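This report refers to the structure that appears directly beneath it.
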Amino acid sequence: MNLEQLSATLSAVASPQRMTILAELSTGRVHVSELARRVGMSRALLYMHLAKLEAAGFVSTSLELSPEGTALKHVALEPFSLTIDIDTITRALAATSNAANSTAPDEAVSTPSAQTPSAPTTSE
């Protein structure tokens, strides 16, 4: 994990609303509408927070058909362990420096779409 990936991971959980969502999901998988009611926010706002949490690997979503034939989106917490200490930061800095040093000068410019945050470290 480099500095940009570490920053994106930390940013995903640096919001009180997203921490509330994670805590609520610790009891198990839940339908998006139910989760929105539990955390007291609109579904549109919840979807924005879920997109960031899912991109960072903290949650997963799935679509299922109800008995009536409507699609229901469910959200589940992914197992993770996040440790931030000076060793984490120095390893991320080293990974960033190594990547920068190994990139040819004409390849030094990258687009934001080519950079995706990695999932948090999982523990099982």
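The values are calculated or read from the model by the stated rules, or taken from the named source; none is laboratory data. All figures in this text were calculated on a predicted structure; none of them were measured in a lab. Cβ placement follows ideal geometry from the backbone for every residue including glycine, while neighbour counts extend to all protein chains displayed.
Filter region 74-95 for residues that are under 13 Å from the mean Cα position of the chain (by Cα) and among the aliphatic types (A, V, I, L, M); which is modelled with the lowest pLDDT?
Across region 74-95, the extreme among qualifying residues is L82.
Of everything in region 46-74, what is without any contact (Cβ under 8 Å) to a residue 24 or more places away in the chain and closer than 16 Å to Q17 by Cα? Give them in sequence order.
Matches in region 46-74: Y47, M48, A51, E54.
Of everything in region 26-45, what is free of Cβ contacts under 8 Å to residues at least 40 places away in the same chain and closer than 22 Å to A14 by Cβ? Give them in sequence order.
Across region 26-45, the qualifying residues are A36, R38, V39, G40, M41, S42, A44, L45.
Considering only residues that are outside any loop (DSSP other than H, G, I, E, B) and either of a type in the set (D, E, K, R) or farther than 25 Å from T83 by Cβ (or both), which ones fall in region 21-39?
Passing the criteria: E24, V30, H31, V32, S33, E34, L35, A36, R37, R38, V39.
Identify the residue in region 33-54 that is among the aliphatic types (A, V, I, L, M) and crowded, with 16+ Cβ neighbours inside 10 Å and, among all such residues, is nearest to P79 (Cα to Cα).
The selected residue is L53.
Of the numbered conditions (1) in contact with a Phe, Trp or Tyr (Cβ under 9 Å, 6 or more places away or on another chain); (2) free of Cβ contacts under 8 Å to residues at least 60 places away in the same chain, A12 fails exactly one; give the number of that condition.
(2)
With respect to R18, is the statement that it is more than 30 Å from S97 (Cβ to Cβ) and assigned to a helix (DSSP H, G or I) true?
Judged against the criteria, R18 is not a match.
Checking the structure you have, find out if any residue of region 40-60 is at pLDDT 95 or above and assigned to a strand (DSSP E or B).
Checked against the condition, which is being at pLDDT 95 or above and assigned to a strand (DSSP E or B), region 40-60 yields at least one hit.
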